[in-house]
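The values are calculated or read from the model by the stated rules, or taken from the named source; none is laboratory data. Bear in mind the structure is a predicted one, so any value in this text is a computation, not a measurement. Ideal geometry is used to build each Cβ from the backbone, glycine not excepted, and the neighbour counts take in all protein chains shown. For accessibility, only protein heavy atoms count, side chains too; no ligands or nucleic acids. Shrake-Rupley method; radii C 1.70, N 1.55, O 1.52, S 1.80 Å.
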Amino acid sequence: MTPLPIDPSLTRILDALAAAGALVLVAEPGSGKTTRVPPAIVRQGLGGRVIVLQPRRVAARSTAARIADERGWTLGREVGYHVRFDRRASADTGLVIMTEGILTRRLLADPFLEGVGTVVLDEFHERSLHTDLALALLREVRREVRTDLRIVVMSATLDAEPVARFLDAPVIAVPGRTHPIATAYRDAPRPADPDAVAGAVADALADPADRGHVLVFLPGMAEIRRAQRELGPIAARHDARVLPLHGSLPADEQDAALRPSHQRKIILSTNIAETSLTIDGVTTVIDSGLARVARHDASRGLDRLDLTAISRASADQRAGRAGRTGPGRCIRLWSEQRQALLEPFDEPEIRRVDLGSTLLTLHSWGVGEPGAFGWYEAPEPERIEAAEALLARLGAFDPAARRITPTGERMLALPVHPRLARLLLAAADEGLLHEGAALAALLSEKDVAERRRPAGHRGLSDMLGRLDLLAEAEAARFSPSLKDRGIDPIAARQVAKIRDDLARLASRLDVGRASGLDEAAREEALLKLLILAYPDRVVRRRGAEETGVMVGGRGVRLARESVVREGEFFLALDPREERRQGTLELQVALASAVRLEWLEELVPQSIRRERRVEFDPARERVVAMNRLWYEDILIREDPARPPDGREASRALYEALLPRAGEVFRADPAASAWLARYDFVRLAVPELGWTELADEALAGPLEVLCHGKTRMDEVRQAAKVAYLESLLAPAQVRELDACAPTSVTIPSGRHVRLAYEPGRQPVLAAKLQELFGWPEAPRLARGRVPLLLELLGPNQRPVQVTSDLRSFWATTYHQVRKDLRNRYPKHPWPEDPTTAQAPVRTPRPR
Ligand code: ADP
Ligand code: MG
């Protein structure tokens, strides 16, 4: 075997693992971690089978093959692999390379990991959601039931400390054997375009000093295909071969790219060759700087591959692939200025993808409270909540019991997003697997409709139209001429492939009877599948046919090309935010009909019937209503049997509570009482009376509402007694003493005092009636004189004063002179302080 940088460290690695039971191993890509460490563990005879987790299927297969090759082992006997759709290993294969999803499902069935001695997590730096989850689950297994289980984490970058702390494991860093790499920047406006790639490749091939292979990093299959066509003639001129390398290629085509070759290779690869696959003899790397990265797509509610700029760390890993065997070079198809703007590291998947599948797994694992689970990096609580809410709506999670449902358990068998798992499960049960899988593929892949179709059609669902387009594309064998008919043949081919994968996958489930449905019933069944996958996307149409409100309260506008123009409800399958006249609304091009009875049948847990007794502000009375809700969408509303007294008073009270102060202050007597109370409170602070804020009036309001259902009953009721109930008897006496409602004036009449907030109490009387009072009486333990509003015989105010003595002494004489002749029947004594007030004053003429 060729010596590799890791070889001298193998003994040290095995000793550390045997001693600590866990280990973090860091070394440059290509140093031999993947191909040398796992077989060494097997040979060491630590006991038990060795499982290696690989985030990528291609890498799992090729690693197993490479190990078998190097050691003269037989693939499927001493070493094997196990990935989705493909397994080569027997019961006693000692070393199995698998993808994390396979291990997770295995753990759910067998949490003790019977027979497994060591689990190696490879490519940890990629931080895939699956790797994160597997690491956390394995740590728990090791802590709780299998203290002898050994865990090795292998990573290409140097940030090993956090994971070492997480596992309480030592770190071993093995120095690599890298050669200098000359980096050149060659700015291209669209770096993944065939001409940009071809230009860079042509330059590299033209260098007579370099005969090594060229490795080109491109974001995806489509870009690889296009570059492959463009590069054909250039490669021929240099006697080189162009080879694609991509996760969804058949295994033999992948092998062709990886196999050693004397002929010069131009390998067009996705980021699969960044660290997980090694290609020997590469001396030039050409990097588009782009990758497709899974990210939650809010519009479809699924994860989607997004075209993104790679991080600086990623760009360095890619460049490093040129320096394996000798000095190399890297051509970056972007500028040095752009380089400075790149993110330093990739964002871990747990921060950007949907957590539905992960939470379903955790609940199946028995984690009732995912917030308290031992995550390697915990997601934000809101994202956990949102994922659980969706699982509940899909019928996979019982939020009350906080437990996975039997449907949820069945969904786990399908390694797709829970929405699509729910759809496929139902499709299988209905015997509609082929069409169900097509719907799932159409929903998750690029739209097969190339341009917007003409408006004006009417129909049940835009998805039925897409199924027809797919059939049309298949019948035409995905011919490029389909473009003329508005169909994207490449997208259609991809959808058909995914459909077949999904259908094959789901057919392993218990499949229901073959569907004997007629055309209409079949269509209806397909529409129901969509509801099961998107129960949170129900829209209730507003009066106008193109707008509505979606569950959650957001406004939706149906795009012109949608055919779903009728019906009270529809499903919004691709709501996209759009700004329209300054407000954000959701624009929907893919819609599908929904009927109330379907919701009742399919999503009963989201239907709520309620009888509400409540105050109707328009009629100002308590009414009882029956309402039917779908989540937060009001579907129906009808008057119910009248409420009983207690319910009604309660509803009245609750409706009036926010304006309790207003209710009392609108009543003159209650308002005066409150003013008296406030007067005493402020004038006699030593009583320690508290301010009667609106909240303090809740009690009196509640009693006031007893036995009432209408606002006018509340208005008419006498309210002072309710307010008095706030005071102790001694306080009531104090209130009456300090702030009497009326006083008896010298004429013998009882005069009501006017109390107003923030003012001195006022007494209004004809001045003749006050003859005999030398000065104004004082309230509040003699502290505040009454404000007297002295009226002339014509009832007009003559003077407003609290100083009666000075009035009698001065102004009175002037008034007397002015009015005596006009009102001769009224008494106008010289000395009013000693005069007798008349019991009745004559009426003015
Ligand atoms: P690491 O996991 O540290 O990145 P690997 O164990 O994958 O390293 O690879 C170590 C070395 O083995 C590589 O540098 C390469 O030289 C060689 N190698 C690995 N896989 C293959 C293969 N399929 N064909 C040829 N050489 C390979
Ligand atoms: Mg490796």
Members of the stretch 5-22 that are within 15 Å of ligand 1 (Cβ to nearest atom) and surrounded by 20 or more Cβ atoms within 10 Å (Cβ to Cβ): ILE6, SER9, ILE13
Yes/no for ARG225 being more than 16 Å from ligand 2 (Cβ to nearest atom), more than 30 Å from ILE51 (Cα to Cα) and part of a loop (DSSP other than H, G, I, E, B): no
Some residue of the stretch 528-536 being in a loop (DSSP other than H, G, I, E, B) and modelled with pLDDT of 95 or more: yes
Within the stretch 86-178, strands (runs of 3 or more DSSP E) holding 1 or more residues that are open to solvent by less than 50 Å² (accessible area, probe 1.4 Å), within 16 Å of ligand 1 (Cβ to nearest atom) and closer than 25 Å to ARG504 by Cβ: 95-99
Residue list for the stretch 785-802, filter: free of Cβ contacts under 8 Å to residues at least 40 places away in the same chain and either touching a helix residue (DSSP H, G or I) at 6+ places or on another chain (Cβ under 8 Å) or surrounded by 15 or more Cβ atoms within 10 Å (Cβ to Cβ) (or both): PRO785, LEU787, LEU788, GLU789, LEU790, LEU791, GLY792, VAL798, GLN799, THR801
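Restricting the search to the stretch 541-554, which residues are over 24 Å from GLU388 (Cα atoms), not in a loop (DSSP other than H, G, I, E, B) and not polar (S, T, N, Q)?
Within the stretch 541-554, ARG541, GLY548 qualify.
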Tally of residues being touching a strand residue (DSSP E or B) at 6+ places or on another chain (Cβ under 8 Å) and more than 19 Å from LYS265 (Cβ to Cβ) across the stretch 182-229: 9
So ARG61, is it basic (Lys, Arg), in contact with an Asp or Glu (Cβ under 9 Å, 6 or more places away or on another chain), more than 16 Å from ligand 2 (Cβ to nearest atom) and closer than 23 Å to GLY32 by Cβ: no
Per-region count, the stretch 33-61, residues open to solvent by less than 10 Å² (accessible area, probe 1.4 Å) and on the phi > 0 side of the Ramachandran plot: 0
Subset of the stretch 89-111 [touching an Asp or Glu at 6+ places or on another chain (Cβ under 8 Å) and among the hydrophobic types (A, V, I, L, M, F, W, C)]: LEU95
Of all residues making up the stretch 241-251, the number that are buried (at least 18 other Cβ atoms within 10 Å of the Cβ) and either within 12 Å of ligand 1 (Cβ to nearest atom) or part of a strand (DSSP E or B) (or both): 4
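Let's see how each residue does on (1) touching a residue at least 40 places away in the same chain (Cβ under 8 Å); (2) on the phi > 0 side of the Ramachandran plot; (3) open to solvent by less than 10 Å² (accessible area, probe 1.4 Å); (4) in contact with a Lys or Arg (Cβ under 8 Å, 6 or more places away or on another chain):
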position: ASP195; (1), (2), (3), (4): no, no, no, no
position: ASP203; (1), (2), (3), (4): yes, no, no, no
position: LEU215; (1), (2), (3), (4): yes, no, yes, yes
position: ALA227; (1), (2), (3), (4): yes, no, yes, no
position: ILE234; (1), (2), (3), (4): no, no, no, no
position: ASP239; (1), (2), (3), (4): no, yes, no, yes
position: GLU253; (1), (2), (3), (4): no, no, no, no
position: ILE266; (1), (2), (3), (4): yes, no, yes, yes
Any hit, the stretch 67-75, residues being of a type in the set (Asp, Glu), in a loop (DSSP other than H, G, I, E, B), more than 14 Å from ligand 2 (Cβ to nearest atom) and open to solvent by 50 Å² or more (accessible area, probe 1.4 Å): no
Residue count, the stretch 393-405 (criterion: more than 16 Å from TRP365 (Cβ to Cβ) and open to solvent by 40 Å² or more (accessible area, probe 1.4 Å)): 3
Close pairs (6 angstrom Cβ cut-off, 6 or more residues apart or separate chains): within 18 Å of ARG676 (Cβ to Cβ) in the stretch 739-752, surrounded by fewer than 16 Cβ atoms within 10 Å (Cβ to Cβ) and basic (Lys, Arg) anywhere: SER742/ARG752
Residue in the stretch 33-50 that is assigned to a loop (DSSP other than H, G, I, E, B) and either within 27 Å of ALA251 (Cα to Cα) or near ligand 1 (Cβ under 8 Å from one of its atoms) (or both) present: no
Lone unmet requirement of (1) among the aliphatic types (A, V, I, L, M); (2) farther than 22 Å from ALA182 by Cα; (3) in contact with a Ser or Thr (Cβ under 7 Å, 6 or more places away or on another chain) for ALA378: (3)
Those residues of the stretch 555-590 which are under 16 Å from ASP297 (Cα atoms) and not aliphatic (A, V, I, L, M), in sequence order: ASP574, PRO575, ARG576, GLU577, GLU578, GLN587
Hey, ARG292 over 30 Å from ASP536 (Cα atoms), of a type outside the set (Asp, Glu), in contact (Cβ under 8 Å) with a residue 12 or more places away in the chain and open to solvent by 10 Å² or more (accessible area, probe 1.4 Å) or not: no
Of the criteria (1) open to solvent by 40 Å² or more (accessible area, probe 1.4 Å); (2) in contact with a Gly (Cβ under 9 Å, 6 or more places away or on another chain); (3) of a type in the set (A, V, I, L, M), which one ALA471 fails: (2)
Residue check for LEU17: at pLDDT 95 or above, under 44 Å from the mean Cα position of the chain (by Cα) and within 11 Å of ligand 2 (Cβ to nearest atom): no
Tabulated pairs, the stretch 146-158, first touching a residue at least 60 places away in the same chain (Cβ under 8 Å), second within 13 Å of ligand 1 (Cβ to nearest atom) and of a type in the set (D, E, K, R), C-beta under 6 angstrom, 6+ apart or interchain: MET154/LYS33; MET154/ASP122
